[in-house]
């Protein structure tokens, strides 16, 4: 197991300046901060890193900055998906020359390919890449990579050394491990679904590429350590707290805006994302930021917002219905 | 084409009394009303008729009442799906003895079967039924029936004489017609998707089992007539009006509550449905009833509600966000 | 925790005789066999028990036989979903009088209800039931029950004492536990997804209603015990073996035919299922039975089939493509 | 209606040379061929044009070649989606300077945005674009654009002059037309779903961006003309033939390989696509090419393949099961 990719890799957000360019000094500062807080590796140009919203030149520049700043302290897993196989292989070559430990390549997206197509795509890249490759399965965004395809790639492509799976489907992870590990003990299984990190590790995962580790690296790392050392009761409690943070950041705003808002609360000048936000989304982001500040304050990472944090509560939909009814009446009266 | 099932079949709602029993006098009155307004046939125990919410005995009783009241004036297409193949065949035998023109059998539901299973199910029933059968494809609720399965059943089962398709997928309908009509010119294709009735008829459908025809039979029937007689401009305008009514009844409440509410506005004592409605749903139903009354008044079927009908308008989500923000603040302040 | 429903409840198949009637002697024998092998409770009229394929009278009879045969040795969780709220409440009353520990009620199916509708349905039943109720969430077959709805029901209905969740979604289970356990420490969380039993228990589940326990109760029970006693390495290995069995029974045939075939190999006269099987499905079931016999033989529960069991292998799709090409050519030549 | 975008726009494939570079002479030849056969406009950098598989530079070059070759003979609708809003606006400016009639911008993909996010994205672009914009809704590949969002954009953005919808959902198209046309009579509705072109035109669409028109422009154009001139019986027959061709090209291979294969049969040197094809896919493509040649020969566009074309036939799955059983036995025997 010693040579398998393992531990917590951070899929980092890229800070932008007020003209929406890469904020290099802040990105370098962020890299140092993450490494100091114990993440085992960096994973730039992932989904959290919004690789699709940067140009090819910018993606290259991001890897250059990060490998330079990391300077060998931790391994770098470089997102390398480009427009087509040839461009992707060029990226593999470049990131190899920069000293990345491996590249991560997301399954083809936009078009939804069959498994035969997914296999052919990765096979072609793996046959020409000078650097190790991890597959990246994220079925909500890209063509799914099924178990049989992972097995075929593991069997035929020594360059393919792992998979990062963001489906969050635990039995699926077990099926992949059962299918591949006997013949490829060096193959690494990483989960991208922070909500299930502890159970994923317990059934055999080697680690994770977890967006929460970019915001609360202390917690994600500690959860990893507690689980591996068998302190399950403490790990379970921490997993529940991480789930709460994860859900708040993931589901309360357009991904990855919740993670960006939280990172700002940790003291970084993230700048605004490139995807425009409508006024209604801005309102939601403001509410989310307040909620996140309370959650982060409860973990000791920041102060409570002015006005304090409310006790947990929920509103009954039928009570809410009464209130909404009044609002609708008001809207109706204005519309006349 | 003369002997194909064709025209508009009404999937009727079943009026209930204040103890939630079948309201037989009202049901008989409703049947007469529908026939007087020109529907070509009745289709009891369909999805609109909430067949799953009645007991087996009640389902039988509903067909007995309807065949008796119809008394040969129009053909009856009797929903006959029961718990298993044997029970379904018994229902086929009984409905045959009552003089139903054919039965309609929904694809197996709850479990999602493969096409092999769907085929075996219908084949077994068709081999033992004394009455003609129409398949009923409603993929949002039951196992889908694919084109190849329809073709196999049409080829091997003379008793299977048609399909009622509620997918609303027009090219799917064309694929079925292309696959089956050459070898089975007697096979009927009925659409259950009122929103596309006119274009479905134009590409070759024989008619429809349309829930709107239970509420506004005048319109659904007229749309059918206009389309068949080639008065396309008028048909198109009527199709748009029917779409508006259909969407209001279908999407503004738990199905088929919107249709029940509209039928009440047409003067029938429908009683309450058997699926309980929460207070928030009741509020929505009240609002829907008001909207439906305006729509039906615009068609000349009822009077406008007290207070009149507002001009069409829409609210901008970003303005709405401001209002909601104030509501949320109010809720938050109460929760403390 | 002492009074929470916990442990492994078996969703039992119902043996049928050669006329497709309930085979009462075999069912009684099966109940004894299960209890002897350590299952903690019985769960008749579940999805594995094909409750939708029996008549209302038969469902009642199944519970009568099982409560009589169990005779208090283990708790019985009786599936009680009927055509509508009133019929379901009648079933609750009857099963209460028979001494069932609780009933399990699946979320409304066929129609896909909103959360308001799902809440109203369970609330109405819970307000009138004399017996404890467990919710049953199986989103692939029935209307989903979301976390907020579980919470509302737990808050407002003391009769609702647990949920059986067959989604297999581990973070979803955690979200329910986090939302409900603080205010309802007596509320039980059971997983219906055998593939994740060990991790589900590790994050706080109280047990499971697991179809595998109807076929290999020794394994499912042992997995439960190993996990609860913290023997994680052994538990993990057993979970992988159970996953393999589960996948074979679940995905190789129309559910629950794989479980029925396996139960036959354990020595029970299950009879044929009520859902007809086409010749192509029969062929697949034969192949599955052979595979299952090998898996059960490897666990020591039966002998290997005549001819022995092959070593694990897989076929490369591209090699297979060559073979299929030849088959297609043959088919084409015959078609001329 | 005179100034609405209307007619058949061809989403053209880009021929590649043997080093996978844009084959400019063949592309120019293809443009001329399409215009000569009556398409009303060109639509480069669409999904059929595989815009995601080209680099930003190549996408720009494709528009330059096409606007130059078209030279004003027909309008060009230029696909302009780039990595982010700023890059997309730059593309709008460039394509405006080249004389394109409008740009088409696909809804954000990879990430699935909410409607608030989709609105904000298009609003930002529309506020800064010097050229007219058509929205592009293709929910199977990109974030859906719902009716209310189309309406808001139509109301607030004069630059947004139309939508190309590839959902194939006819009532959805009607809902958009009903929501937008009253206030924006200049707004154009184009369907990207060739399978429903005739009924879409009959309910009010202005035309289509149809992949079939890149392969059989004669048929797609004729279908358009027959429908608009009210020759419905002939139009219906042609729509059925087009459906058959469309299905063969769309569903028998990884999109758009079927269209590329058919274009080759029309005499163009398309080169190989950039998405690698596995050996099993190559076999399927060979079979498809043969089938397409028969279909195109039946339309008079090419000769029958050597060996002739079989009469239509289908194989019964249960017969097939017998054959497959023998194959499986053979595979099993080899695996030992």
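Bear in mind that the values in this text are calculations on the coordinates, not laboratory data. Just so it is clear, the model here is predicted, and its values are computed rather than measured. Glycine also receives a Cβ, built like all others from the backbone with ideal geometry; neighbour counts cover every protein chain displayed.
How compact is chain D by the rule of thumb for globular proteins, expressed as Cα Rg over 2.2 N^0.38 Å? Don't skip to the answer; put the middle values down first.
Details: Rg = 21.1 Å, N = 336, 2.2 N^0.38 = 20.1 Å.
Cα-based Rg divided by the globular estimate yields 1.05.
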(message) Using Cα-Cα distances under 8 Å and only pairs 6 or more residues apart, what relative contact order does chain D have, in percent?
(response) 16
(request) Summarise the long-distance tail of P(r) for the range C:205-298 by giving the % of C-alpha pairs beyond 16 Å. (result) 56
(request) May I ask for the angle, rounded to the nearest 10°, between helix A:24-36 and the longest principal axis of chain A, with both axes built from Cα atoms and the value confined to 0 to 90°? (result) 80
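Sorted from largest to smallest, which semi-axis lengths in Å does the alpha carbon gyration tensor of the range C:43-161 give for its equivalent ellipsoid, taking the root of 5 times each eigenvalue? Walk me through the numbers on the way to the answer.
Numbers: eigenvalues 103, 50, 29 Å².
Listed largest to smallest, the semi-axes of the range C:43-161 are 23, 16, 12 Å.
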(request) Would you kindly work out, in nm and rounded to one decimal, the distances from the label point of residue C:73 to those of the same position in each other copy, ordered shortest first, with label points 7 Å along Cα-to-Cβ? (result) 6.2, 6.4, 8.6
(request) Please report which chain B residue places its beta carbon nearest the axis carrying chain B onto chain D, with the distance rounded to a whole angstrom. (result) B:199, 2
(request) Quote the relative contact order of the range A:178-273 in percent (integer), defining contacts as alpha-carbon pairs under 8 Å separated by 6+ residues. (result) 23
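Given Cα pairs under 8 Å that are at least 6 residues apart, what percent is the relative contact order of the range B:1-121? Write out the running numbers ahead of the final one.
On the way: 146 pairs, mean separation 27.0, N = 121.
After rounding, I find 22 percent.
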(request) Round to the nearest 10 and give me the degree value, 0 to 90, for the angle of helix D:85-97's Cα axis relative to the longest principal axis of chain D. (result) 80
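Given all pairs of different Cα atoms, what value in angstroms does the Kirkwood hydrodynamic radius of the range D:189-254 take? Write down the numbers at each step before the final one.
Numbers: mean 1/r = 0.0859 Å⁻¹.
Its Kirkwood hydrodynamic radius stands at 11.6 Å.
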(request) Obtain the nm distance between the two label points defined at residue B:251 and residue C:225 by a simple spin-label model: each point lies 7 Å from its Cα along the Cα-to-C-beta direction. (result) 5.7
(request) Please work out the FRET efficiency for the pair residue C:218 and residue C:29, using the Cβ-Cβ distance as r and a Förster radius of 22 Å; give the result to the nearest 0.05. (result) 0.80
(message) I'd like to compare C:38-46, A:223-231: which one has the highest average count of other Cβ atoms within 10 Å, and what's the full order after that?
(response) C:38-46, A:223-231
(request) Run the quick spin-label model on residue C:299 and residue C:272: label points 7 Å from Cα toward the beta carbon, then report their separation in nm to one decimal. (result) 2.7
(message) Distances in nm, one decimal, shortest first, from residue B:36 to the same residue in every other copy, taking the label point 7 angstrom along Cα→Cβ.
(response) 6.8, 7.0, 8.5
(request) Take the Cα pairs of the range D:59-122, get the Kirkwood Rh, then feed it into Stokes-Einstein at 4 °C and 1.567 mPa s and tell me D in µm²/s. (result) 103
(message) Residues of the range B:263-278 with the amide nitrogen closer than 20 Å to a label point 7 Å from the Cα of residue B:17, along Cα-to-Cβ, please.
(response) B:264, B:268-275
(message) Treating the point 7 Å from Cα along Cα-beta-carbon as the label, what are the nm separations from residue D:309 to the other copies, to one decimal?
(response) 5.2, 5.3, 7.0
(message) So, R0 is 51 Å and r is the distance between the beta-carbons of residue D:286 and residue D:98; what FRET efficiency does that work out to, to 0.05?
(response) 0.85
(request) Kindly express, to the nearest 10 degrees and within the range 0 to 90, the angle between helix B:147-156's C-alpha long axis and the longest C-alpha principal axis of chain B. (result) 30
(request) Using DSSP, restrict attention to beta bridges with both residues in the protein assembly as shown and report what percent are antiparallel, rounded to the nearest 5. (result) 10
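Count, for each residue of A:43-56, the Cβ atoms from other chains sitting within 10 Å of its Cβ, then give me the mean as a whole number.
Values: counts 0, 0, 0, 0, 2, 0, 0, 4, 2, 7, 9, 3, 7, 4.
Mean shielding by partner chains, rounded to a whole number: 3.
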(message) Could you give me D for the range A:19-94, from Stokes-Einstein at 4 °C and 1.567 mPa s, where the hydrodynamic radius is the Kirkwood radius over C-alpha pairs? Units µm² s⁻¹, please.
(response) 100
(request) Only bridges with both residues in the range A:103-187 count here: give the DSSP antiparallel percent, nearest 5. (result) 10
(message) Distances longer than 24 Å among the Cα atoms of the range B:108-224: what percent of all pairs is that?
(response) 25
(request) Using label points projected 7 Å from each Cα along Cα→Cβ, tell me how many nm separate residue B:64 and residue B:140, to one decimal. (result) 3.4
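Per residue of A:123-131, count partner chain C-beta atoms within 10 Å of its C-beta, then hand back the mean as an integer.
Values: counts 2, 4, 1, 0, 1, 0, 0, 0, 0.
Mean partner shielding for this stretch: 1.
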(message) Once each part is reduced to its C-alpha centroid, what is the distance from the range B:1-64 to the range C:78-103 in angstrom?
(response) 29
(request) Please state, rounded to one decimal and in Å, the Kirkwood hydrodynamic radius that the protein assembly as shown gives when every pair of distinct Cα atoms enters the mean of 1/r. (result) 33.5
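If you count, for every residue in B:194-204, the Cβ atoms of partner chains within 10 Å of its Cβ, what is the mean? Don't skip to the answer; put the middle values down first.
Details: counts 1, 6, 8, 0, 5, 10, 2, 1, 8, 10, 3.
Mean shielding count: 5.
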(message) Using only DSSP helix segments of four residues or longer, with each worth -39500 (n - 2.57), what per-residue ellipticity at 222 nm results for the protein assembly as shown after dividing by its residue count and rounding to 500?
(response) -15500 deg cm²/dmol
(message) For chain D, give me the percentage of DSSP beta bridges that are antiparallel, rounded to the nearest 5 percent.
(response) 10
(message) If you average the alpha carbon positions of the range B:249-296 and of the range A:241-280, how far apart do those two centres end up, in angstrom?
(response) 40
